[in-house]
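Read through the structure below, which is laid out as structure tokens, and then see the notes.
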Amino acid sequence: MRVTTQQLHRTSLQAVNDARSRMTETQQVAMTGKRVATASDDPAAAARARMLEDLQATASAHRSNASFGTSRLQATDDALNEVSRQIQRAREVALAMASDSMNAEQRNAAAAEIGEVRSTVVDLINTQHLGEYIFAPVDTHTPPYDSAGGTFSYDVDTFQDVRRVDVGPAQQAEIGASGSRAFAQRAGSPTSIDVPTVLADLRASLESNDRDAIRAEIDNISRAFDQVLAERTRAGVRMERLTDAKQASEQSLAVYASLESDLVDADAAEAFSQLSLAQTTMQAAVTVAARMLGPTLLDVL
Amino acid sequence: MSLQQILSTGRSSLLAHQAAIATATNNTANADVVGFSKRDTHLVSLRDQGGVEVESVRRRADRFIEGRLLAEKSRLGTQSAQSEGLAALELQLGDFEGGIGGAMDQFFGALRALQVSPTEGQSRLHVVSSAQTLTDQFNVTAERIARERQQADGSLISAVNETNERLQALAELNETIGRAVANGSEPSHDLDRRDLLVGELSESLELTALPQADGTMTLLLAGGRVLVQGGAAAQLQAQPDSGLGGLARVDFVDSSGATTDMTSSIRGGRIGGLLELRDDILAETVARVDALAFDLATNVNAVHQAGFGLDGVGGRDFFVAPVAQAGAARTMAVAPGLVEDPGQIAAATTVELAVGGNDNVLALAGIADAAIANGNTATLGQEYASLLGSIGTTVAAHEQALRQSEVQVDQLQTIKDSRTGVSLDEELIDITRFERAFQAGSRIIQTAERMFDILLQI
């Protein structure tokens, strides 16, 4: 083939340009560690990586919801546990004071103790977690129990549900326990009992030194104890579900991250061997260009 | 053969080789001139009296390669006209970690976080600020694409103007060449210039060049409209059109002055590439981004209106209700009342639960999982991923085609160069050869002179 001067220069220029652009590409991959940096590098992988980013963001939101729920349920469990202990103490006092050997003075002293127990229980019903009353069903900024009035501050029959949040794909979980179910007497449930009222009644019976009334209260106190325990059990189940959900989210996160990495991250060994190949090509292109453009007849004629 | 004849043979050799050296030096001097075709000196021997003469100095040409090169240059013109616009598009929408997609993730993430404590001020603020980031992303994306469309429009207008000048110049060259050919000469310089012009024109438009018997060149636009015939040139006209939102309409004005709107039919070359970028690629992308913004805003608003804010008021919009789907992304904004008071976020489904209820936040976050986009066939996230994928495909296909065209043009150019270009080595050899012949010619004259002397001494 006849080789012309412009052709010679263009071919050399092209070869050097190609080698340099290839080197820039491989450098980019080696430096960022990403095989796919933008959509056109691999459109299908980029689109899937976008969906995986989406899924990771969702899973991470679910994980933090589950974490928050766990800490809220932990606070709930602590409070319910303490309430149980207080009721247990009240029952012990009631059992002791139901004995014929107790006199009015002793019962009066016990009444004071039960008064303390009651106010502790009321405080526990109004427990706060991160600025919210955890046993308040809806308005978590108003104490659920009005300690001055001695009643619940909301309609315990209407609001029995617990706040639900998203903790997984199409999975919601209750984060907390129902104050109504744990502490209140509800219209739909004949066995339910108002815990602060039971304690107030016991105190009144002790103050009036009425042995039969005290005996009668023991039964109620047992019912109150069972009622709190039942809600605590439900909260425990919710906690387990949350722990499971959190684990599932974490697993999903790990899986999504590794899938995305498979799609967009470069294999380091390959990236560097490509880079060194590109460097060699670059050197070859420059050397060859220099040799091709070097000798002309002008040098000899 | 007389001595006189020997002398005139020597003279013809001197003249012929002087002309040959002149051609070779001209070739050497023009070795770097783009579009220069090598000239060959064709020598013939004089039949009757002996000696040599220059029959012609002819310019090398290869019509076949020239034709293929034109077609490929027009493809290259199309692709390279779109490079900038597509790069900008990918910069805005090709990032699978950030951009609108990332902002959507954050917005729905903020809504999910609000579920756990729907009354908390910080969480509400976070929802509002992430919604603002999202609307910013939509605004900026729509704005950038609009700007790219405008830029394509500006490039289109200047490409049309340049093309018009070249068409006119080609028609004038046609006349000059036609006259020269009629006189029986080969106007090599003008032919070089015309080939260069046709090459440049084929980068702007997809066209066919038909050399005519009278030496002129007829140019046809793809589809058969006559661009240049003899000394008459058609023109393109790019004028802002209100029907295109102020962007330019491209009219074809033939040499008789009749106009035809060709905005949607010119697709080859740089002009076609810019039209395709402006009216197809960018316009379709903006429409998809608009649809995404519209679906997001209207669906969030519908759910939000059904709920109640901390103040127990319901029926409010979350985003400023979009007037129409077209332009929804550019004008997307969070409702001003909500920005002022994040307490207006309707977290609860009933007025009784206004403070502390979170059912409506569950519903709002659920929008992310509902098939509400792309005619209710995909979730917002899926639609965005598909948009990102299709932009990636467009850009990747473009890069591929651009590389291919570059290689093609380069190869054809190499073949053309090989046939018609200048090789310095070759010219140097020619010059040496002709120099020797010139020396030989002068020796003939010397010899004849000595022969005359000898004769005169008798």
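Numerical summary
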| read-out | value |
| --- | --- |
| Where A meets B: accessible area buried, both sides, 1.4 Å probe, Å² | 4100 |
| DSSP beta bridge pairing in the protein assembly as shown, given as percent antiparallel to the nearest 5 | 100 |
| Separation of the B:ASP369 and B:LEU125 label points, Cα + 7 Å toward Cβ, nm | 3.0 |
| The range B:103-163: Rg to Rh, with Rh as the Kirkwood radius over Cα pairs | 1.42 |
| Shielding of B:343-356 by partner chains, average beta-carbon count, 10 Å | 2 |
| Nearest-0.05 FRET efficiency for B:ASP32 and B:THR259, computed from C-beta distance (R0 41 Å) | 0.45 |
| Exercise: per-residue mean of other protein chain Cβ atoms within 10 Å, B:382-389 | 5 |
| Stokes-Einstein diffusion coefficient of chain A, Kirkwood radius over Cα pairs, 4 °C, 1.567 mPa s, in µm²/s | 51 |
| For the range B:297-390: Kirkwood Rh in Å [reciprocal of mean 1/r, alpha carbons] | 14.1 |
| Carbon/sulfur fraction of accessible area - the range A:31-177, other protein chains in place, 1.4 Å, % | 49 |
| Debye intensity ratio I(q)/I(0), log10, the range B:58-147, q values 0.17, 0.19, 0.20, 0.22 Å⁻¹ (C-alpha model) | -0.81, -0.89, -0.93, -1.01 |
| Whole-percent carbon and sulfur share, accessible surface of the range B:1-97, 1.4 Å | 52 |
| Virtual paramagnetic centre 7 Å along Cα→Cβ of B:ARG433, amide N under 17 Å, in the range A:1-22 | A:1-5 |
| FRET E, pair A:ALA290, B:LEU46, Förster distance 56 Å, beta-carbon r, rounded to 0.05 | 0.70 |
| Per-residue mean of C-beta atoms belonging to partner chains within 10 Å, peptide B:423-430 | 5 |
| q = 0.17, 0.19 Å⁻¹: log10 I(q)/I(0) that the Debye formula gives for the range A:184-301, counting C-alpha atoms only | -0.97, -1.05 |
| Straight-distance crosslink candidates among lysines, where the alpha carbon sits under 28 Å from B:LYS38 and sequence neighbours closer than 8 are dropped | B:LYS73, B:LYS416 |
| FRET efficiency estimate (nearest 0.05) - Cβ-Cβ, B:SER80 to B:ARG443, R0 45 angstrom | 0.20 |
| Simple label model, 7 Å out from Cα along Cβ direction - A:ASP244 to B:ARG147, nm | 5.2 |
| P(r) weight above 53 Å for the protein assembly as shown, C-alpha pairs, percent | 44 |
| Those residues of the range A:124-163 whose amide nitrogen sits under 11 Å from the label point placed on A:GLN172, 7 Å along Cα→Cβ | A:162-163 |
| Accessible area in square angstrom per residue, the protein assembly as shown, 1.4 angstrom probe | 46 |
| Bins of 10 Å, starting at 0 and running to the largest distance - Cα pair percent for the range B:360-458 | 12, 14, 12, 11, 10, 9, 8, 7, 6, 5, 4, 2, 1, 0 |
| Span-like helix ranges in chain A, DSSP H, alpha carbon extent 20 angstrom or more, Kyte mean at least 0.0 | A:104-125, A:268-293 |
| Label-point separation, B:LEU3 to A:GLU116 (7 Å along Cα→Cβ), nm | 15.5 |
| Fully extended contour minus Cα-Cα distance, from A:ALA187 to A:PHE272, at 0.36 nm per residue | 23.2 nm |
| Per-residue [θ]222 nm for chain B (sum of -39500 (n - 2.57) over DSSP H runs n ≥ 4, rounded to 500) | -21500 deg cm²/dmol |
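The values are calculated or read from the model by the stated rules, or taken from the named source; none is laboratory data. A quick note: this is a predicted structure, and the numbers were derived from the prediction, not measured. A quick note on method: Cβ atoms are made from the backbone with ideal geometry, for glycine too, and the neighbour counts reach across all protein chains shown. Heavy atoms of the whole protein, side chains included, go into the accessibility calculation; ligands, DNA and RNA do not. Shrake-Rupley method; radii C 1.70, N 1.55, O 1.52, S 1.80 Å.
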